[in-house]
Amino acid sequence: MMKKTFRIPAFLFLILSLIFTSCGPGKKLLSSRARVDKLQRDSTYIQSQLNDCNEKVKNLNLTKASLQNEYTSLQNEYTTVKNDSKINSAESKMTIADQAKRLKTLQDMIQSQKDVMTKLKNSIADALMKYKSDELYVYNKDGNVYVALEEKLLFKSGSDVVDPKGKEALKSLAVVLNNTKDINVMIEGHTDNIPIKTNMFKDNWDLSTARATSIVRILTLDNGFDPIRITASGKGQFHPVKSNETDEGRSGNRRTEIILSPDLNEIFKLLYQ
């Protein structure tokens with residue numbers, strides 16, 4: 001009986017020993033597998049990082065190539081601009097020289113025109129010197145020569161028929177104009193602000209235009225001035241030179257102006273060629 005009792009604990013001990021002995025290798029296996037899994041994860045991460053680095057290197061190489069191409073392009077462009085600037089510099093010097101020459105020609109032409117107009121003014125003043133200052137006067141304005149003839153020298157009140165004394169003055173003027181080339185003539189009729197309405201003239205526009213036309217006919221038909229170079233216009237009462245509040249002022253406004261202008265065609269050709 002004693003022997004049987006002793007054998008049972010021994011047997012149990014043997015069984016427990018086998019159980020604990022079998023547990024030892026299982027833990028190691030689990031530990032090894034855990035390490036393997038960690039190594040695999042680390043390997044995957046490292047491979048991912050390596051791929052990122054390779055992609056960055058690839059992009060850097062592409063950027064480097066692009067910058068090199070851009071640098072080469074800029075160098076070529078700089079060389080082209082530098083060469084063009086040399087050519088343009090030479091051309092600009094020629095252009096400046098041409099412009100200086102053109103400017104000198106233009107200045108000479110303008111001075112010549114001034115001389116012509118000054119001579120014309122003096123010639124007209126001499127030709128009309130017998131007329132009083134309250135009948136006509138000659139002056140320069142804006143490069144033109146003005147001959148202002150008062151109503152009492154040319155017309156009766158409300159009429160567009162030129163008096164004999166006025167015709168004589170226009171004849172003397174025509175002699176000077178016919179001997180002067182390259183001028184254009186504008187005849188402007190002016191009135192005061194007193195309204196007019198007759199069987200012949202509806203208003204001051206009508207009267208001022210009719211008076212200008214009468215003078216054009218005398219200069220061209222009677223005295224041979226070139227009709228291509230002359231123009232008639234009526235200004236009515238809208239361009240007074242004196243106040244219309246007094247008789248004297250209204251008398252001064254009832255006038256005919258003969259405006260002599262130099263022919264600027266040659267100057268315009270020079271400016272726009």
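Of the conditions (1) modelled with pLDDT of 95 or more; (2) surrounded by 17 or more Cβ atoms within 10 Å (Cβ to Cβ); (3) over 19 Å from Gly158 (Cβ atoms), Lys235 clears all except one; give me its number.
(3)
Looking at the range 150-172, which of its residues are part of a loop (DSSP other than H, G, I, E, B) and among the acidic types (Asp, Glu)? Even if it seems obvious, please write down each step before you answer.
Within the range 150-172, the first condition is being part of a loop (DSSP other than H, G, I, E, B), and the residues that meet it are 155-163.
Hits for the range 150-172 are Asp160, Asp163.
Output the residue which, of all residues in the range 157-199 that are hydroxyl-bearing (Ser, Thr, Tyr) and in contact with a Ser or Thr (Cβ under 8 Å, 6 or more places away or on another chain), is surrounded by the fewest Cβ atoms within 10 Å (Cβ to Cβ).
Taking the range 157-199 and keeping what is hydroxyl-bearing (Ser, Thr, Tyr), we get 157, 159, 172, 180, 191, 198.
Now narrow it down to the ones that are in contact with a Ser or Thr (Cβ under 8 Å, 6 or more places away or on another chain): 180, 191.
On the way: Thr180: 17, Thr191: 29.
The residue in question is Thr180.
Given the residues Ile267, Ile259, which is the only one that is of a type outside the set (Ser, Thr, Tyr), modelled with pLDDT of 95 or more and surrounded by 15 or more Cβ atoms within 10 Å (Cβ to Cβ)?
Values: Ile267 fails: modelled with pLDDT of 95 or more.
Testing whether each residue is of a type outside the set (Ser, Thr, Tyr), modelled with pLDDT of 95 or more and surrounded by 15 or more Cβ atoms within 10 Å (Cβ to Cβ) leaves just Ile259.
Does any residue in the range 173-197 that is at positive phi come within less than 7 Å, Cβ to Cβ, of a residue that is modelled with pLDDT under 95 and crowded, with 19+ Cβ neighbours inside 10 Å six or more places away or on a different chain, and which pairs are these?
These pairs meet every condition: Asp182/Pro262.
Just the residues that are buried (at least 16 other Cβ atoms within 10 Å of the Cβ) and either more than 13 Å from Leu177 (Cβ to Cβ) or not aliphatic (A, V, I, L, M) (or both), please, taken from the range 218-228.
To start, the set of residues in the range 218-228 that are buried (at least 16 other Cβ atoms within 10 Å of the Cβ) comprises 218-220, 223, 225.
Listed by number, the residues that qualify are Thr220, Asn223, Phe225.
Is the range 128-135 home to any residue that is part of a helix (DSSP H, G or I) and of a type in the set (S, T, N, Q)? Full working, then the answer.
Of all residues in the range 128-135, those part of a helix (DSSP H, G or I) come to none.
Looking through the range 128-135, none of the residues is part of a helix (DSSP H, G or I) and of a type in the set (S, T, N, Q).
The values are calculated or read from the model by the stated rules, or taken from the named source; none is laboratory data. None of these values were measured; they are calculated from a predicted model. Ideal geometry is used to build each Cβ from the backbone, glycine not excepted, and the neighbour counts take in all protein chains shown.
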